[in-house]
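First the structure, in the form of C-alpha cells, and then the observations on it.
The values are calculated or read from the model by the stated rules, or taken from the named source; none is laboratory data. Please read these numbers as outputs of a predicted model, since none were measured by experiment. In this analysis, Cβ positions are derived from the backbone assuming ideal geometry, glycine residues included, and neighbour counts consider all displayed protein chains.
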Amino acid sequence: MIGAEENINKETPKHESESDVKPEVKVSSNSETTVQSAGDNDGNGSSEKMKAKDEGATSVVRQWARELDEKVTDEAKLSVLIYHGGCRTKDPVELAKYDVVVTTYAIVTNEVPKESLVEDDETMKKITKVPPMVSPTIRNGKLQWVSVGWFRVVLDEAQTIKNHRTQVARACCGLRAKRRWCLSGTPIQNTIDDLYSYFRFLRYDPYAVYKSFYNTIKVPISRNSQIGYKKLQAILKAIMLRRTKETLLDGQPIINLPPKTINLSKVDFSVEERSFYTKLEAESQSQFKAYADAGTLNQNYANILLMLLRLRQACDHPQLVKGFKIHQKILLLLCVAIYSAISVYQNTSQGMRTRALEFSSSKIKTVLDILQSLSNQGRRNSAQYGQKPSSSQRHEDDDDDVTIVEPTTLHSSSPSQGPIKTIVFSQWTGMLDLVELSFVENGIECRRLDGTMSLAARDRAVKEFSKDPDVEVMLMSLKAGNLGLNMVAACHVILLDLWWNPTTEDQAVDRAHRIGQTRPVSVTRVTIKDTIEDQILSLQEKKRKMVASAFGEEHGGSSASRLTVDDLKFLFMA
C-alpha cells in the first residue's frame, strides 16, 4: 500500500495482529498524520485545534490516494475512497464497495468508540475478544464504526498514538480489524513507553498488557540498560521491519539518492540582541531556581516551558518574545539600531538600495547571506553554461547590521535542472512573517506554507514553488512541513531554529531529500552561540543515543518531544 518514497525510514510490523472476528468487509483503512502543536500532541486538544490538524492531514490523505493510483499496476488496481468532508457517506454498505478507505485521525477520534483505559489483564482479555459482527447501522447521522469489521487497519505516522491514554490512541484501538499495521519513521518520541501503545493497538500479547510490558521491558532497562535494551531489540525484531536510507540490500543501498550535507552555522548576536537575551536568560534562570528550591518543578512545568519558549524565540528575533518587560536600556539600544538602519537608508543613493530597511535579526541576516552566496554560485554556473546572469549586487557599509541584497534569480549548475530553490523552516509563524518581510524588501520571490492556510492555498503555494522559475524560496512552518509533502524542486534547506525532537527536523529536510531529487541537497542549521540552543543541541544528541540503544543502531532516529524534569534542569543549569 505504501508509496515508494514513504517506505523509507518507516517501521512496519512483520506480525499482523488478528482478532477472532471474521471480516465481512475487505477494506484497508489508513489513518493519517496530524500537525502537532508545540509540545506534545495529547489527542485531547480543542475542536479548533483538531480542525486545523485535520486540514493539515487532508493534503496527505490525498497524497495517499495519488500514491495508490500511481504505484499499483493496472492489473491490480484498487478502488479508493477518501473518507473525509461533510458530505462523506454514512452508509457502511457503500464503504464495502471500496478496496481502500483513507481517512484522518481526527475523524477516527470523533467517530470511533474509545477503548477502556483500564490496563489489567482481565480487561485486555475482554477487549481482545470482540463480540461477533452485527449489521452496520447509522445513528445520529454518524457511521457506527463499532459494527464495521475491517480486513486491515494501517496507521500511518503511528507515533500519533504514542500516548495510550489519549482519545486518539483509544479510538484507534477501538477499531475492529483482522490485521493491524503501524507505520512510523519516528516510533519513539517520548520514552520507551511509546512502544506500549503500538503493542496495545497490534494486540501483541503479552506486551499489550501494561503490567507485562512494565515487568518485561521497562524494569530490565532501568536495572541494566545494556541487557534490557538487548531484550527489547529481540522483541522488536519479531514484529518490526525497519528500513532506513542507509539500509543495504545485497551490499547496495535500497535507495539511491543524491548526497545530503548538513552544516551547522553558529552565528553571533548583535550587541543589542545579546543585551536583550542576557537579561531574559538571567530572569529565567532565577525563576527556575526558585521553583527548584521550592520543590515545585512539576507543578510549574507549563511556566518553565514558557520560559524556554521565550529564550528560544529570542534567538530568532527579539520581537517574537511576548510578555517580557524589556529593560529601558535594552529598549534604547534596539531603538538606536533601528534608527541607524533608517539613517543609512536615507543617506544612501538610489542606485545603492532597493527598498526600505527594517531592523533585522542576526538569523535573518544569515539567511540573506546564504541566499546571496547561492546567487553568486548560480551566476558562475550560468556563465559556465552560456546563460546571461540575472543582475545581483550586494552592498555593505560601515554598519555591519545592514545588508542589502538586490533582486536575483538563482540558476542551477545545469540549465536542464532549472533554478536553485530553497526551503526555509521555522517553528513560529511570527518568524516567518519577519523573514517574508525581509524577502519582500530585497526582491526575493517566495511562497509560504503553514498550518493557518487552507488546503487550496497550500496546494497553490506548493504548485507555484515547484513550477514557477521565479519563485526561489518556500517559507514553511516546521510542523506543517514535516507532513508527507514532496518538495524535490528545492535542493537547499535552511532550519532557523531547533526542535526538541531532531527527527521532526529530519522529516522536514526529507521533503527535499527524497525519491525524485536529482541534485545534491545541502542543509544549514542556523544557531546562535552561547545561548539555550547550545544545550538543545546537546540534548538532541543525548536523546538520539537513547533511541539508538532501543533499536540496536549506531545512529538513532528520534528523540524526546516532551521534556523530563531532568531535561529541564540540564537546559537551565548547564
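Pick out the one residue from Phe288, Phe276 that is aromatic (Phe, Trp, Tyr) and out of contact with any Pro (no Cβ under 8 Å at 6 or more places or on another chain).
The match here is Phe288.
Can you find even one residue in region 242-261 that is within 23 Å of Thr366 (Cα to Cα) and not in a helix (DSSP H, G or I)?
Yes, some residue in region 242-261 is within 23 Å of Thr366 (Cα to Cα) and not in a helix (DSSP H, G or I).
Check region 525-543 and report whether any residue there is touching a Leu at 6+ places or on another chain (Cβ under 7 Å) and over 29 Å from Lys279 (Cβ atoms).
no
May I ask you to list the residues in region 301-339 that are surrounded by fewer than 18 Cβ atoms within 10 Å (Cβ to Cβ), at pLDDT 60 or above and not in a helix (DSSP H, G or I)?
Answer for region 301-339, where residues must be surrounded by fewer than 18 Cβ atoms within 10 Å (Cβ to Cβ), at pLDDT 60 or above and not in a helix (DSSP H, G or I): Lys322, Gly323.
Which residues, counting only those in region 217-227, are more than 11 Å from Ile192 (Cα to Cα) and crowded, with 16+ Cβ neighbours inside 10 Å?
Pro220, the sole residue that qualifies.
Restricting the search to region 271-306, which residues are in contact with a helix residue (DSSP H, G or I) (Cβ under 6 Å, 6 or more places away or on another chain) and of a type in the set (Gly, Ala, Ser)?
Ser275, Ser284
Among what's in region 403-432 and is in a helix (DSSP H, G or I) and modelled with pLDDT of 90 or more, pick the residue that is surrounded by the most Cβ atoms within 10 Å (Cβ to Cβ).
Here the answer is Met431.
Give the residue, chosen from Asp534, Asp530, Asp468, that is free of Cβ contacts under 8 Å to residues at least 60 places away in the same chain, surrounded by fewer than 21 Cβ atoms within 10 Å (Cβ to Cβ) and on the phi > 0 side of the Ramachandran plot.
Only one candidate passes the filter, namely Asp530.
Hey, can you tell me all the residues within region 282-300 that are assigned to a helix (DSSP H, G or I) and surrounded by fewer than 19 Cβ atoms within 10 Å (Cβ to Cβ)?
Ala282, Glu283, Gln285, Ser286, Gln287, Lys289, Ala290, Ala292, Asp293, Ala294
Looking only at region 74-125, which residues are within 25 Å of Asn163 (Cα to Cα), in a helix (DSSP H, G or I) and at pLDDT 85 or above?
Correct list: Tyr105, Ala106, Ile107, Val108, Thr109, Asn110, Glu111.
Answer with yes or no whether Leu264 is touching a Leu at 6+ places or on another chain (Cβ under 9 Å), touching a residue at least 12 places away in the same chain (Cβ under 8 Å) and outside any strand (DSSP E or B).
Against the criterion (touching a Leu at 6+ places or on another chain (Cβ under 9 Å), touching a residue at least 12 places away in the same chain (Cβ under 8 Å) and outside any strand (DSSP E or B)), Leu264 does not qualify.
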